[in-house]
1. For segment 116-202, which whole percent of the accessible surface, found with a 1.4 angstrom probe, sits on carbon and sulfur atoms?
2. Probe of 1.4 angstrom, ligands and nucleic acids ignored: what's the accessible area per residue over the chain, in square angstrom?
3. Spelling out what I want: for every residue of segment 166-173, take phi, set θ = phi - 60°, compute 6.51 cos²θ - 1.76 cosθ + 1.60 (Karplus), and round to whole Hz; glycine and proline get x.
4. If ligands, DNA and RNA are left out, what is the accessible area of Val106 with a 1.4 Å probe, given in Å² to the nearest 10?
5. What full-extension length gain, to one decimal in nm, is calculated for Thr77 and Glu184 as 0.36 nm per residue of separation minus the Cα-Cα distance?
6. Leaving ligands, DNA and RNA out of it, rank Lys124, Lys174 by accessible area with a 1.4 Å probe, largest first.
7. Suppose accessible area is computed on protein heavy atoms with a 1.4 Å probe; arrange Lys177, Lys186, Lys98, Lys165 from highest to lowest.
8. Grab every C-alpha pair in segment 90-202, bin the distances at 5 angstrom width from 0 up to the longest one, and report whole percents.
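The values are calculated or read from the model by the stated rules, or taken from the named source; none is laboratory data. Quantities reported herein were computed from a predicted structural model and do not represent experimental measurements. Positions of Cβ are generated from backbone atoms using ideal geometry, with glycine treated the same way; all protein chains shown enter the neighbour counts. Please note that ligands, DNA and RNA were not included when accessible areas were found on the heavy atoms of the full protein model with its side chains. Shrake-Rupley method; radii C 1.70, N 1.55, O 1.52, S 1.80 Å.
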Amino acid sequence: SLSLLYKLKKLHPSKLGPTTDANPSHNDRIGLIRGDITSLSVGAIVNAANRSLLGGGGVDGAIHRAAGPRLLAECRTLDGCATGSSKITDAYELPCNKVIHTVGPVYDDIHPSRSETALRGCYKSSLQLAVENGLKSIAFSGISTGIYGYPSMDAAVIACDTVQKFLDGHDGQKLDKVIFVTFEDKDVNAYNHVLPRFFPPS
Ligand code: AR6
């Protein structure tokens, strides 16, 4: 939506480094930005959580700090979450409407297909939760690509492929916009390479 784009653009100068593209929009339905996911005024941001759902480092820590202690209080009532699955909470002090907490796999280079199945589950279950809750836009952090060690290029392919399949399906019609949020150079590079192969630039 226009207001979403406006808010994203407004956030850019203060939050994003000089290497960032000034235009966060890739096409009508897909966005790619680099920056702090906690600053986005979208329907839901997706947290890269762990099975306890009780907070941690990385983006999880940033989200809990920005949301305030009521987020942890709600998370305590959820009884954790399985790897490859997601749960939704309110967003408290965050500018988004909801937080979707998904649990990515710790990358297993002996059994990469197990990791892939779990990572696909993270994206799919998060998209499904957004639709079930009537949300129109969702912003993903790079699930598992930080502390959990998933190779950035492989993770970007799985993220884009899962999102593309979902948007092409019945429930995908209920979503207006999916935004991929990158943070570190390795993920910026991976998405710059992979995203245009899945989604045509406008
Ligand atoms: N905004 C957007 N992306 C960020 C931010 C931020 N503020 N901070 C980090 N990233 P990670 P994981 C990126 O390690 O690999 C936690 O302790 C980061 O560059 O946060 O799924 C949890 O509690 C990377 O691309 O999550 C779990 O124990 C992405 O976010 C564990 O880490 C995810 O990196 C989960 O590990």
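1. Solvent-exposed carbon and sulfur of segment 116-202 make up 54 percent of the total.
2. For the chain, the per-residue accessible area is 47 Å².
3. Using θ = phi - 60°, the values come out as 5, 5, 6, x, 4, 5, x, 5 Hz.
4. Its accessible surface works out to 100 Å², give or take rounding.
5. Separation in residues times 0.36 nm, less the Cα-Cα distance, equals 35.3 nm.
6. The residues order as Lys124, Lys174, largest area first.
7. Lys165, Lys186, Lys98, Lys177
8. Taking all Cα pairs of segment 90-202, the binned fractions are 2, 11, 22, 24, 21, 14, 5, 1, 0 percent.
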